[in-house]
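A short write-up of the structure that comes next.
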Amino acid sequence: MPEEAPSYELIQDGAAARLAFRGDWTIERDCPDFSALAAELQGQNPRTVTCEASQLGDWDSALPAFILHCYQHCERAGITLETAALPEGAQRLLKVATAVKTHQRPTDKVPTLAERLDPRARLKSLWKTVEDHLVFIGENTVALMKLL
């Protein structure tokens, strides 16, 4: 069976859209770039996007990677992405990839000049550091004793 080039078609149907995948979505193939689909989604602004895979051929990690980009875009835009028609393996990979939200680094509060020069704040910070180290050493000691 000859390989078919990977492609998709976004079909607008009122407030909903269908995203039909075609061809072989493998890493050896030149898969479509997600930025083109993102532009189409922004232009059509659907409330729901339903994935279809009836004409999908072979696939590997290239397909879930593309769908993950689509999922992230839809989440930011407030669009519901329905993936029930995708292959079961692709659905499982998407579920694993989206199970935990991306970690957002907390923003460090920059202390004011008065806070940096305040001896009580500096002592409190030093004590917190010492306390954290002692807790760490204690937890490691307990873990080592359990191991022995």
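The values are calculated or read from the model by the stated rules, or taken from the named source; none is laboratory data. This is a predicted model, so every value here is computed, not measured. Note that we place each Cβ from the backbone using ideal geometry, even for glycine, and neighbour counts take in every protein chain shown. These accessible areas exclude ligands, DNA and RNA; they are computed on the full protein's heavy atoms, side chains included. Shrake-Rupley method; radii C 1.70, N 1.55, O 1.52, S 1.80 Å.
Some points to look at:
- Rounded to 10°, Cα long-axis angle of helix 119-147 versus longest principal axis of the chain: 70 degrees
- Estimated from helices alone, the mean residue ellipticity of the chain at 222 nm is -15500 deg cm²/dmol (sum of -39500 (n - 2.57) over DSSP H runs with n ≥ 4, per residue).
- As a fraction of the 1.4 Å probe accessible area of the chain, surface on carbon and sulfur atoms comes out at 57 percent.
- The stretch between Thr26 and Asn140 holds 36.4 nm of extra length on full extension. This uses 0.36 nm per residue minus the Cα-Cα distance.
- Of all stretches in the chain that contain no GluC sites (Glu not before Pro) in a DSSP loop with at most 12 other Cβ atoms within 10 Å, the longest one is 29-148.
- Net length gained if the chain between Arg120 and Ala84 were fully extended (0.36 nm per residue, minus Cα distance): 7.1 nm
- Residue-normalised accessible area of region 36-86, given per residue in Å² at a 1.4 Å probe: 52 Å²
- DSSP finds beta bridges in the chain, and of those with both partners inside it, around 40 percent are antiparallel.
- Mean separation of Cα contacts under 8 Å, 6 or more apart, over the residue count of the chain: relative contact order %: 18 percent
- In a simple Cβ point-charge model (Lys, Arg +1; Asp, Glu -1; nothing else charged), the chain has a dipole of about 1240 debye relative to its Cα centre.
- Counting only lysines at least 8 places from Lys101 when in the same chain, those with an alpha carbon closer than 24 Å to its own are Lys109.
- From the coordinates shown, Cα Rg over 2.2 N^0.38 Å corresponds to which of (i) 1.70; (ii) 2.29; (iii) 1.04: (i)
- Angle between the chain longest axis and helix 34-44 axis [Cα atoms, degrees, rounded to 10]: 80 degrees
- Angle in degrees between helix 88-97 and the longest Cα principal axis of the chain, rounded to the nearest 10: 30 degrees
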